[in-house]
Structures are given as C-alpha cells and as structure tokens.
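The values are calculated or read from the model by the stated rules, or taken from the named source; none is laboratory data. Note that the coordinates shown come from a computational prediction; the quantities given were computed from them, not determined experimentally. Counting neighbours? That spans all protein chains shown, and the Cβs are built from the backbone with ideal geometry, glycine included.
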Amino acid sequence: MVYCPECETDLDIDEDEVDEGAVVSCPECGADFEVITVNPVELKKVGEDEVEEDEDEEDDREKPKPYALIFGTVWDPDGHPLYGVKVKIRRADEKRAHWELYSNHTGEFAQRLPVGKADYIVWADVKGYKLPSGRQLKPGPEVTVHIDDDERSDIGLHLDW
C-alpha cells in the first residue's frame with residue numbers, strides 16, 4: 001500500500017503497474033506526485049525542487065558576523081611599496097597596540113575590526129627593519145582611522161629616511 005504524503009489516503013498504486021517518473025494524483029486532496037522509485041514506491045510532490053532544500057540548509061547556517069576593515073599600504077620615501085614592515089593598530093583610547101601584522105609582497109595589509117563607532121591609530125614599527133640597500137627608515141606619522149559601522153577604510157603609511 002502507498003499512502004499520500006499530504007493527506008495519508010491510500011493511493012491504490014501497485015508497484016508492477018507504475019514506472020519511475022510517472023505522475024500520480026491523490027483522489028482525496030488532489031496533490032500530484034512523481035514516482036521516484038518503484039520498489040519500494042517513493043513519491044515526491046511535483047514542484048518540490050531540491051533548490052528549496054538547499055535554501056533551507058542555508059537558513060540553518062550561521063551567518064557571518066559583520067566587521068570593519070582597515071586596508072592599507074606601506075610606502076618608502078621614494079613611493080615604493082615595502083614588504084615585511086610590522087604594522088600596529090590600537091584603539092585611540094588605549095596605549096598599547098591590540099593588533100600586529102606585516103605588510104605583504106605588495107606592501108599591503110588588512111585587519112578586521114569589531115563593528116561600531118571607534119577611532120583607531122595605525123603606525124609602522126620599523127625597529128629592526130632593514131632595506132636591501134642598508135638605508136635606515138624612520139616611522140612616518142601615525143594615521144587615525146574613524147570607523148562607524150561595518151565598513152572598509154583604505155590608508156597609506158608613508159615612511160621617512
């Protein structure tokens with residue numbers, strides 16, 4: 001016996017008389033079903049796509065938390081990007097750096113920050129940093145970044161001789 005998945009009425013379907021892909025209707029509720037398998041008989045409501053199941057799975061997943069982003073580039077005095085420079089970031093109302101990171105091969109760095117109004121101070125720490133030419137760099141001015149919400153702020157850190 002095969003029952004209607006909607007109203008549980010006996011559909012009076014014989015496994016030998018139905019083929020996969022056939023559409024059967026419930027005489028009680030009028031719903032249409034596609035035969036998925038014949039032994040045993042499995043039915044799927046016509047119009048129910050697997051896409052809907054995927055959407056349900058997406059709804060169950062935890063959504064990523066929003067964040068702010070400071071993205072920047074470290075520049076030497078001649079305007080060339082610098083690799084491997086330590087960059088420090090702190091909230092304006094704190095004294096010590098909360099985040100430390102290094103510039104990549106194109107002189108760029110990026111740091112995620114919590115969402116919300118805050119001011120951040122960003123600077124390059126060149127202690128122990130050596131250029132291939134042997135010249136010594138001096139840190140440039142600190143950069144103040146104001147964040148209001150989940151946004152990106154692009155900055156440049158310019159170093160001195």
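Annotations
- Thr144 exposed (fewer than 13 other Cβ atoms within 10 Å of the Cβ), among the hydroxyl-bearing types (Ser, Thr, Tyr) and over 21 Å from Arg96 (Cβ atoms): no
- Of residues in segment 82-98 being surrounded by 14 or more Cβ atoms within 10 Å (Cβ to Cβ) and in contact with a Phe, Trp or Tyr (Cβ under 8 Å, 6 or more places away or on another chain), the one farthest from Val143 (Cα to Cα): Leu82
- Residue selected from segment 72-98 under the condition assigned to a strand (DSSP E or B) and of a type in the set (Val, Ile, Thr), by the criterion nearest to Trp161 (Cα to Cα): Val74
- Going through (1) touching a strand residue (DSSP E or B) at 6+ places or on another chain (Cβ under 9 Å); (2) buried (at least 16 other Cβ atoms within 10 Å of the Cβ) one by one, Val38 falls short only on (1).
- Unmet requirement for Val35, which otherwise passes all of (1) in contact with a Pro (Cβ under 6 Å, 6 or more places away or on another chain); (2) at pLDDT below 95: (1)
- Meets criteria (in contact (Cβ under 8 Å) with a residue 40 or more places away in the chain and within 22 Å of the chain's Cα centre (by Cα)) for Leu137: no
- Taking segment 99-120 as the range and being buried (at least 18 other Cβ atoms within 10 Å of the Cβ) and either of a type in the set (A, V, I, L, M, F, W, C) or in a strand (DSSP E or B) (or both) as the test, the residues that pass are Phe109, Gln111, Leu113, Tyr120.
- Residue within segment 126-136 that is under 18 Å from Ile155 (Cα atoms) and surrounded by 13 or more Cβ atoms within 10 Å (Cβ to Cβ) present: yes
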